[in-house]
Amino acid sequence: MEHLIAWLASMVFSIALFVHGVLFIPQVVKIWKKRSAAGVSLLTFAGFNVVQLSATLHGYFIHDYILMFGTGFSLITCGMVTLSIICFMLRKG
């Protein structure tokens, strides 16, 4: 029974990490459709990136590959938001 609970917890955690990464994608789409990052905080998303990078590295060093790949995926999608903000800040001038 304990093995089943551990497996279920692992599956729920994996799905949650994937969903967490997917949740950044609508923000990227919104920024590019509006051609503006007005109202989107660079500091907030840059902070998210730092947290995700540290969690990805932590997962690597403790050999927790679910954590590593899940937060790595979030790092990529959140990084897309961060880069989009920077891109439109530079265009604005």
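The values are calculated or read from the model by the stated rules, or taken from the named source; none is laboratory data. On a predicted model such as this, the values are computed, not experimentally measured, just so you know. Cβ placement follows ideal geometry from the backbone for every residue including glycine, while neighbour counts extend to all protein chains displayed.
Tabulated data
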{"read-out": "Residues satisfying the stated conditions in region 39-57, i.e. closer than 16 Å to ILE25 by Cβ and free of Cβ contacts under 8 Å to residues at least 40 places away in the same chain", "value": "PHE48, ASN49, GLN52"}
{"read-out": "Which numbered condition PHE18 misses (of (1) within 14 Å of CYS87 (Cα to Cα); (2) surrounded by 12 or more Cβ atoms within 10 Å (Cβ to Cβ))", "value": "(1)"}
{"read-out": "Where LYS30 falls short, out of the listed (1) of a type in the set (D, E, K, R); (2) loosely packed, with under 12 Cβ neighbours inside 10 Å; (3) at pLDDT 95 or above", "value": "(2)"}
{"read-out": "Tally, over region 34-64, of residues that are exposed (fewer than 14 other Cβ atoms within 10 Å of the Cβ) and part of a loop (DSSP other than H, G, I, E, B)", "value": "6"}
{"read-out": "Pair list, Cβ < 9 Å and 6+ apart or interchain, from region 16-38 residues that are closer than 16 Å to GLY79 by Cβ to residues that are loosely packed, with under 12 Cβ neighbours inside 10 Å", "value": "ALA37/LYS92"}
{"read-out": "Among residues of region 58-93, those that are farther than 16 Å from ILE25 by Cα, among the aliphatic types (A, V, I, L, M) and without any contact (Cβ under 8 Å) to a residue 12 or more places away in the chain, counted", "value": "2"}
{"read-out": "Extreme residue, farthest from the chain's Cα centre (by Cα), among residues of region 65-93 that are loosely packed, with under 15 Cβ neighbours inside 10 Å and farther than 28 Å from TRP32 by Cα", "value": "TYR65"}
